[in-house]
Structures are given as C-alpha cells and as structure tokens.
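Structure first, commentary second.
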Amino acid sequence: SSSSSSSSSAPAEGPAAAAKPCQDLSSNCKTWSLHGECDRNPEYMIGGDGYEGQCPMSCGKCFGGADDAAPPVMNAFDERMKNAVSREQNAVRPLRWPAKQSAQGRMCIGLSTSPCARGLYDQQNVELMDPADRSVQKGIGGPTGCTEAWATLVSKDEQIAGVLVMLYTLRYYATDDRDIVVLVTSAVSDHVVRQLLMACVVVKKVTEPMDPATHMGFVKLTLWLSVEYSKVVFVEYDAWIRQDPGEVFAFNAPAAIKTAPHARLMNEMFGSYFFVLEPSRQTFYDMLGKVGSIDSAEVIDDKTVYTERLFFSGYFEKWYMIPSSMLEFQQDVVSTIIPELTNTRLRRVIKSMPPYTPETVIDFTLVQARGVFANLHVKPWHPGWRIPCAWECRYRKYHQLYEAMAAEWWMHYYNLIDLPVPTERGLYSLLEIHDPHQLYAKKEFEHCLNFNCEIPANYKPEEPAPVKKRVGKRGLLL
C-alpha cells in the first residue's frame, strides 16, 4: 500500500508530462525586464501558483534543464539602457541636442542651447501670460531680442516625448535662428515643465480662455498675446520635421495648411496644426468676443464640442495657404506608399516587407514630405504602435506601413537621449522620465481597442424568429 501511495503521489514521467519549453510569450519582454518588471511584477513576468509567466527567458529563469535556453547575455546597449531606465524617475536626464551655431549676430533661445549654457537665459524662468498685462512692448523681441518665434503647446504630461522629438528635429533641420516658445497649461506638472526649461526654450504658462472640456484647442488663441514677436509659426507637438521649414516665415499672416473640407464650410478648412500668425492683443480680444457667434460645433464621440479649426476657418475671411508638403498627415504619407504594395516595379520607398523580412523597412530618403504630423490616435511613441488591435479598423490593413513610418520618429528619439537604436523594434521604449503615466509598464492587450474590425460598426444582430407553439390534445404546450 505504501508503494501504491508513493506511486500515486509521484510526478508522472514520460512525454505526456514533459515540461513546456521555457520561452517569452510577448515581444516586449526584454524591454519590460530592463525596466525592472521581473522584480516589480514577478507573478506576471515569471509565473507561479499555477500561472504561466509571460517572460521567464528575459527574467533569467530559463537555465534549469537541458532544453531550456540559457539566460540572455546582456550586450553593451542593454547595459546602458538598464542603467538609464533605473535612474531616479524624477531626475532630469541630460539630452543631446544638435550642435548648432547661430549665423545671425543675435543668439535666440531656439536653435542652440548655448544661451542657457552661457547664462544668457534663466532656465528657471516660467513666464505667466496674463491677458490683462499690457506691459510687454509690441515687437520688442524675446529674451535676447529675437523678433520671430516657433511655438507649440503642451497640455498633458504624456505629450512630453512628442514635444521633445519635435524640438529636436526642428533644431536639427532649421538653419535660421529664432526663439522657440512652448505654451503649457495648468494641467502640466512642474516635473514636465522643468524638463522643458532644461531644453532651453521659452516656457509660458497660460490659462485656458475657454472650458477645455467643451472648447477643444481654444488655448491656441493665447498665441496672439505674444506681442513681443512680430511673427509666430505654430507647430503641433506631435509632429516631426524632415527638412528646413524656415521658408514658412515668408508667408503673410494668417497662413495655414488647408485640410479636408467640412460639410458646413464654404471655403477651405484652416489647418490649426501648422499656421502663421502676427500677434495682436486686439485680435485676441476680438476672437474672444466672437467665440459664441462663429459656428464651430462638432460631434466627437457622441458629444458636442467646439473646435478651434472650425473657429479659425470661420473667423479668418481671408488667409494664405501653405503647401501641404510642409507638414503632411501621417496617413497621407502612407497613402503615397501604398501603390508599392501591389506593384513591385514601384518598390523603391519600401525596401523590404514581410514575409521576406520580419519588419517592413522604408527608405526615408525617398519620402518627400518635409514634415509629418502624427494626428492619429496611436502616436509613434504609443505602446500599441506595433499592435494591430490598438489601431482603428481603417488603418489596420496597412498597419505595417504606419509602424515603418514611426520607426523614423524613434530614430530621432534615440539620438536625442544619446543611446544607440535597438536592433529590434520590440525593444523600443521610452525612458521612465518620458513616460509619466507608465504606459509602457502595462500589458500589451491593455492597449487594444474594444471592438472587432470584422464586424461593421452599424451591425445589428437579427432577432430570432418567434417560435410557433403547438397545443396538444390535452391543452399542454409542446
């Protein structure tokens, strides 16, 4: 009996009871392990209590048996990355900005970080834009006297990675020195504001002129209060520059890139993501007075909101058009490449595609867009940029091309943080300091959209036909 009890409790042997191979189940395992998730979330990463771990190999737990793989060998890049991401989260990591020298006699707070290094500009200074403040003299220039400026807007902490890369590419390609102004709202934390100050830009804290819950983008009206400048060009934070954009300052103001027509507009749509303006307090107050009289309502996610693009389109009776090639929508850039998918003789921009290679590769030197505006829900730095289920249905078909385009953004990011670009896209990840809400620490499936693209959005299941009931001889329902 003792032998029978011992045999029943002993583990079974043979092929049927062979252990599963020790392997990673997610393409992000290596990145997660470098971010310390093996120690922070061991049950999910390694497993235990009947739960199969997602990343035992990357956590160094695959060296128990002959069939198990050896622990991963950490190369020089992995060591540098681990050291970088393990630094104190609130510490501001030094960034490697392009080394530029101003050709003009006056050095602006823009093209180069030299003014801050030389003490010409106080990096602890955050200007408060008060509409009632009339002490600023019109056209006097910025902190060092420069009279033209680039401008962008940061309204959330999670936009920090996008705006830093936009600033990097602007500095890399621009040749004429101008100030760079970054507007920040009260929703932006002091930690992110400090990162912007360390980037040596003019930071201005603004108050929303309208309720942001009902009036989307109306904070851009405060750009007209920067009266110290004679001309300002606004660029959205989620764009990256690919060629020198300085010629846009030659356009008369107001000027903008036209966007897709709107059913309620007689004229073209004013592209509020890239436009030229001449600051004026009078224009600012005139805009505020006409907010309620200009039709700018749109229905977004079953909610009526007011958008700045419709407001600008209705406010400016005459404005000048900037060529769309200056800053193209991400989907428009991809649409110019799609014909190469069906005609191999055109395949010049697309260098390689699955199944021949694991990843689609684009020859960026042949992409003609002078700038790219990442206006889609999934930004290049979104953790779901490589997961098809994170994209809207209309973009999933060519998901590999959007992924390939985003690889250019990541190239600039790694140049900015002064780390080599990883050999695999699955290893691309933001430093913790640029991921305030720790989106990269979430599991992959948490970034998926909650709908099935195979089922149309307007699909309604048919109600089953009523079942006819028969009555038996004794009056019973059959």
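Taking the range 219-230, which residues are within 14 Å of T283 (Cβ to Cβ) and of a type outside the set (D, E, K, R)?
If the condition is that a residue be within 14 Å of T283 (Cβ to Cβ) and of a type outside the set (D, E, K, R), then L221, T222, L223, W224, L225, S226, V227, Y229, S230 are the ones that fit.
Exactly one condition in (1) polar (S, T, N, Q); (2) modelled with pLDDT of 75 or more; (3) within 24 Å of the chain's Cα centre (by Cα) is false for N28; which is it?
Here N28 meets the rest and fails (2).
Looking only at residues in the range 126-167 that are within 18 Å of T222 (Cβ to Cβ) and assigned to a helix (DSSP H, G or I), which one is farthest from the chain's Cα centre (by Cα)?
The qualifying residue farthest from the chain's Cα centre (by Cα) is V163.
Yes/no matrix, rows are residues, columns are (1) more than 22 Å from A161 (Cα to Cα); (2) modelled with pLDDT under 85:
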residue: N415; (1), (2): no, no
residue: P422; (1), (2): no, no
residue: L439; (1), (2): no, yes
residue: Y459; (1), (2): yes, yes
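Just to be sure I understand the filter: pairs with C-beta atoms under 8 Å, separated by 6 or more residues or on different chains, first member in the range 89-101 and over 23 Å from A441 (Cα atoms) and at pLDDT 80 or above, second member of a type in the set (S, T, N, Q) and in a loop (DSSP other than H, G, I, E, B). Which pairs pass?
Once the first residue is over 23 Å from A441 (Cα atoms) and at pLDDT 80 or above and sits in the range 89-101, its partners that are of a type in the set (S, T, N, Q) and in a loop (DSSP other than H, G, I, E, B) give W97/S112; W97/T113; A99/S112.
Given the conditions (1) farther than 26 Å from H382 by Cβ; (2) touching a strand residue (DSSP E or B) at 6+ places or on another chain (Cβ under 9 Å); (3) in contact (Cβ under 8 Å) with a residue 60 or more places away in the chain; (4) open to solvent by 10 Å² or more (accessible area, probe 1.4 Å), and given that I109 satisfies all but one, which numbered condition is not satisfied?
The single condition I109 does not satisfy is (4).
Yes/no matrix, rows are residues, columns are (1) over 14 Å from the mean Cα position of the chain (by Cα); (2) open to solvent by 30 Å² or more (accessible area, probe 1.4 Å); (3) acidic (D, E):
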{"residue": "P354", "(1), (2), (3)": "yes, yes, no"}
{"residue": "I362", "(1), (2), (3)": "yes, no, no"}
{"residue": "E408", "(1), (2), (3)": "no, no, yes"}
{"residue": "P422", "(1), (2), (3)": "yes, no, no"}
{"residue": "R425", "(1), (2), (3)": "yes, no, no"}
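Residues that are polar (S, T, N, Q): which strands (runs of 3 or more DSSP E) entirely in the range 209-325 hold 3 or more of them?
none
Here is a check on your reading of the model: is E278 under 20 Å from M166 (Cα atoms) and open to solvent by 30 Å² or more (accessible area, probe 1.4 Å)?
When the stated conditions are applied, E278 does not pass them.
How many residues does the range 362-384 hold that are more than 18 Å from R425 (Cβ to Cβ), of a type in the set (A, V, I, L, M) and either in a strand (DSSP E or B) or in contact with a Leu (Cβ under 9 Å, 6 or more places away or on another chain) (or both)?
1
With over 18 Å from H215 (Cβ atoms), out of contact with any Pro (no Cβ under 8 Å at 6 or more places or on another chain) and of a type in the set (V, I, T) as the only criterion, which of V299, V334 stands out?
V334
Mind checking which residues of the range 297-323 are open to solvent by less than 30 Å² (accessible area, probe 1.4 Å) and without any contact (Cβ under 8 Å) to a residue 60 or more places away in the chain?
Within the range 297-323, A297, E298, L310, F312, S313 qualify.
Condition test on S335, is it open to solvent by less than 70 Å² (accessible area, probe 1.4 Å), of a type outside the set (V, I, T), without any contact (Cβ under 8 Å) to a residue 12 or more places away in the chain and part of a helix (DSSP H, G or I)?
Answer is yes for this residue.
I need every pair where a residue in the range 143-165 that is free of Cβ contacts under 8 Å to residues at least 40 places away in the same chain has its Cβ under 9 Å from the Cβ of a residue that is surrounded by fewer than 18 Cβ atoms within 10 Å (Cβ to Cβ), sequence separation at least 6 or different chains.
T144/R106; T144/L120; G145/R106; K156/T185; K156/A187
Which number in (1) closer than 20 Å to E278 by Cα; (2) in contact with a His (Cβ under 6 Å, 6 or more places away or on another chain) marks the one condition that V165 misses?
Exception for V165: condition (1).
Would you tally the residues in the range 215-267 being open to solvent by 40 Å² or more (accessible area, probe 1.4 Å) and at pLDDT 95 or above?
7
Which residue is nearest to A255 (Cα to Cα), if the candidates are limited to the range 324-362 and must be at pLDDT below 90 and of a type in the set (D, E)?
E340
Could you tell me how many of the residues in the range 168-194 are open to solvent by less than 50 Å² (accessible area, probe 1.4 Å) and either of a type in the set (S, T, N, Q) or part of a loop (DSSP other than H, G, I, E, B) (or both)?
Qualifying residue count for the region: 7.
Please identify the pairs in which a residue from the range 356-374 that is touching a residue at least 24 places away in the same chain (Cβ under 8 Å) and among the aliphatic types (A, V, I, L, M) has its Cβ atom under 9 Å from the Cβ atom of a residue that is assigned to a strand (DSSP E or B) and open to solvent by 50 Å² or more (accessible area, probe 1.4 Å), counting only partners at least 6 apart or on another chain.
V361/K351; I362/K351
Looking for whichever is at pLDDT below 90, over 26 Å from R40 (Cβ atoms) and surrounded by fewer than 19 Cβ atoms within 10 Å (Cβ to Cβ) here; the options are C389, C393, C448. Which one fits?
C393
The values are calculated or read from the model by the stated rules, or taken from the named source; none is laboratory data. Note that this is a predicted model, so its numbers are computed, not measured. Quick reminder, even Gly has a Cβ in these numbers, built from the backbone with ideal geometry, and neighbours come from all protein chains shown. The protein model used for the area step is the full one, side chains on, heavy atoms only, and it has no ligands, DNA or RNA in it. Shrake-Rupley method; radii C 1.70, N 1.55, O 1.52, S 1.80 Å.
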